[in-house]
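As C-alpha cells, the structure follows; a few thoughts come after it.
Taken together, the values in this text are just the output of simple stated rules run on the coordinates, not laboratory data. Predicted, not measured: the structure shown is a model, and the values here were computed from it. Cβ placement follows ideal geometry from the backbone for every residue including glycine, while neighbour counts extend to all protein chains displayed.
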Amino acid sequence: MSTLTPFLRKVVLADAITGAGAGIALVAGADLTHAMFGLPSALLFWSGVALIPFLAMLVSILRTNSTALLPVIVALNFAWVAASLYVAFGPSFAPTVLGQAFVCVQGQWCSCLQSCRSLACAAATGMAPLRPELSRSSPSLLPGLIQVGDFFARRMSELERATTSLYQGNG
C-alpha cells in the first residue's frame, strides 16, 4: 500500500474542504437558490447530501495516508462531472444561465482537482502523465474522458459568450 505524497495530500485536503463547503451550501441554500438557478430545490439538497459519503472517503484517505481509495475517488469525480454536464445541458432540467454557470464552475473545479490528482499520482509512481496523443493508440477510458473534457470546454465557451452578451445588452 502506497502513501500520499505531500502534494497529493494537499489536493485531497482541498477537495475535502471545498466539498464540505459545497455540501453545506447546497443543503442549507437549496430553498433559497432554486429559483435563481432554475434547478429543483430537491436536486440541490440531495446533491449536497450525496457529498457526505464522498467526504467520508476523503477524510479516511487523509487519516490513513493511503492511496487505496483513490481509484474510487477518481470514478466518483468523473461521475460528478458527467452528471454536472447532464444537469447543465441535458434535456431533464432547464437551468438559468446563472444555474448553468454554477453547475459548470463546480464541475470545472472537480475536473481541476482530478487533474492535480492525476499529475501527483503519475509523479509518485515515476510515470509520465498520460497525454492525449499517446492515449489514442491504446484502448482505455482516456479518449472518452478527453471527449467529455472537450465538450465541457466548448459548453463553457458558449456559456461565457452568452453571459457576456446578456451583460452587454445584446441578447
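At a glance:
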| read-out | value |
| --- | --- |
| Selection within the stretch 19-55 - assigned to a loop (DSSP other than H, G, I, E, B) and in contact with a Ser or Thr (Cβ under 9 Å, 6 or more places away or on another chain) | GLY38, LEU39 |
| Residues of the stretch 89-104 that turn out to be of a type in the set (Gly, Ala, Ser), closer than 14 Å to THR33 by Cβ and surrounded by fewer than 14 Cβ atoms within 10 Å (Cβ to Cβ), as a count | 0 |
| Condition met for SER84 (small (Gly, Ala, Ser), touching a residue at least 12 places away in the same chain (Cβ under 8 Å) and surrounded by 15 or more Cβ atoms within 10 Å (Cβ to Cβ)) | yes |
| From ALA35, ALA42, ALA56, ALA22, residue being touching a residue at least 24 places away in the same chain (Cβ under 8 Å), out of contact with any Pro (no Cβ under 8 Å at 6 or more places or on another chain) and surrounded by fewer than 20 Cβ atoms within 10 Å (Cβ to Cβ) | ALA22 |
| Filter pass, SER66 being surrounded by fewer than 20 Cβ atoms within 10 Å (Cβ to Cβ) and in contact (Cβ under 8 Å) with a residue 60 or more places away in the chain | yes |
